[in-house]
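The values are calculated or read from the model by the stated rules, or taken from the named source; none is laboratory data. Since the model is a prediction, treat every value here as computed from it, not as a measurement. Quick reminder, even Gly has a Cβ in these numbers, built from the backbone with ideal geometry, and neighbours come from all protein chains shown. These accessible areas exclude ligands, DNA and RNA; they are computed on the full protein's heavy atoms, side chains included. Shrake-Rupley method; radii C 1.70, N 1.55, O 1.52, S 1.80 Å.
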Amino acid sequence: MKLHRLGATGLTPLETLDLPNDMLWEDEFSWSPVVRKTEYSLTGALIVEVAKKQAGRPITLRPPDQEMAWVERSVVQTLRSWQDQTALRMLLVLEYASDTRQFVVSFADGAEPMGASPVKGFPGHAGEDYFRLTLKLVEVE
């Protein structure tokens, strides 16, 4: 799995991070691109409006258990610097033997779009120390 930081226009990667392929996309099937609104008219007839969402699909990536999907502190630090950028766009590339997909994403709104906890249970200070990473992204295009 790769995460590319993109330039202001186009899909040209400016910087690339390798992420563990064993991160679980936990909300892959809990979102629908179709939005429906129903209401009743003054005559009692049901009015149904249906449209397709143009963006906004959540992509939450996290380790399936405590022993998987570790990243080095340097990756966490890079992601943290990306998180502080305004108008950031990234290209998430999921690469598996039977499936390759790409999504243009940004960090999700909210209190914690990225979480990282040290594997050893105490703070790691070296760039090679390992962390469990959780990313909350949203598809923007």
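A few comments on the model shown:
- Residue check, Thr134 under 14 Å from Lys2 (Cβ atoms) and assigned to a strand (DSSP E or B): no
- Within the stretch 1-12, the set of residues being open to solvent by 50 Å² or more (accessible area, probe 1.4 Å) and under 16 Å from Arg101 (Cα atoms) comprises Lys2, Leu11.
- Of residues in the stretch 25-38 being within 18 Å of Phe103 (Cα to Cα) and among the charged types (D, E, K, R), the one most open to solvent (accessible area, probe 1.4 Å): Glu26
- Residue that is touching a Lys or Arg at 6+ places or on another chain (Cβ under 8 Å), among the small types (Gly, Ala, Ser) and over 15 Å from Leu6 (Cα atoms), where the choices are Ala126, Ala97, Ala111: Ala126
- Some residue of the stretch 3-14 being under 30 Å from Lys120 (Cβ atoms) and not hydrophobic (A, V, I, L, M, F, W, C): yes
- Checked against (1) open to solvent by less than 80 Å² (accessible area, probe 1.4 Å); (2) touching a Ser or Thr at 6+ places or on another chain (Cβ under 9 Å), Gln83 passes all but condition (2).
- Just so you know, in the stretch 39-59 the residues that are of a type in the set (S, T, N, Q) and at pLDDT 95 or above include one that is most open to solvent (accessible area, probe 1.4 Å), and it is Thr43.
- Beta carbons closer than 8 Å, at least 6 apart along the sequence or on distinct chains, pair a first residue in the stretch 95-119 that is touching a residue at least 24 places away in the same chain (Cβ under 8 Å) and surrounded by 13 or more Cβ atoms within 10 Å (Cβ to Cβ) with a second that is of a type in the set (Phe, Trp, Tyr) and assigned to a strand (DSSP E or B) for Pro113/Phe107; Met114/Phe107; Ala116/Phe131; Val119/Trp70; Val119/Tyr130; Val119/Phe131.
- Tally of residues being of a type in the set (A, V, I, L, M, F, W, C), free of Cβ contacts under 8 Å to residues at least 60 places away in the same chain and either part of a strand (DSSP E or B) or on the phi > 0 side of the Ramachandran plot (or both) across the stretch 51-70: 1
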